[in-house]
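Note sheet for the following structure.
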Ligand code: SF4
């Protein structure tokens, strides 16, 4: 087992190889929290010390529950918000000015209806970025728009160009949003839950569109999702986020077939499985922590059935458990003392999702309710 410094973890995981186009190094974002008058200034620890690399022609999925910080991470990478600490690197160097950066890194948002202006037609939405960034080539603007629509399989182009957002289906609107992002000829596409608001029947078409863009155009794609099954389908690499931190990362098949971190096991248990008799539930394992006062040590320890004394005190380092597959969990450390590996609480209740703890493994007493401030240390 190799322990990887957290600032290098999750970078050597590109299945498609090549120098990363876009990198996050130690990215951290704290938002000021509104508290009652007189209270000490508090912050929400939305993203903390995230290191990630997007290789060319590769799809990296960031997976996690709501509130895990994955959308904030996408916005940091798009430079829509400034990090509290850490850096974003483009081609290994500091990022250029805003307009030049936007030409290379584009963000596609979750809700295609609110991201399109309802009073303008498709032609307007696609012509505008071409004009703003000086990419429109005179009389050929219509042919550029037709080409963009063709790249996202909206044909015949002249019919779709004349339509307004309310005349399109959800899937067609998302394709227009992707075409608008492609207008800049970016090298990186950050897709923030691009299919979560679409009907199940049309999700696959949009996922296949993203896969085709990677294949044909060599785009580096970040796919942000709460659905680990779709991440397995689309991505080369999966990074799992919990409470603002990446806790497991590796080749998609390995992370989903042999999850190393207890939280990843929990997340997989909630994925649809037609062969499962009992309905899975995350409720039996508690709720995500309060990020104003996140738990000390491993942030998952209040919910973890395997938590040990060390888990409540020290943040686990990322440990390489297979080539390119890392997990930040003390269970992988070989040199814990007896005191450190002392079970934290009494044995875990058997859950429908996680495998039952081995004899001697223990879990917290009550994990079935959200934590409030001040409750994180036990
Ligand atoms: Fe976290 Fe400890 Fe559970 Fe690993 S065993 S996930 S370090 S609480």
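List of remarks:
- Footprinting exposure proxy for 68, 143, 115 (fewest neighbouring C-beta atoms within 10 Å first): 143, 115, 68
- Exposure proxy ranking, count of Cβ atoms within 10 Å, fewest first, for 98, 299, 214, 151: 98, 151, 214, 299
- Packing-based exposure ordering (other Cβ within 10 Å, fewest first) of 242, 30: 30, 242
Read-outs throughout are calculated quantities, based only on the coordinates presented, and are distinct from any laboratory measurement. Please read these numbers as outputs of a predicted model, since none were measured by experiment. No Cβ is skipped: glycine too gets one built from the backbone with ideal geometry, and neighbour counts run over all protein chains shown.
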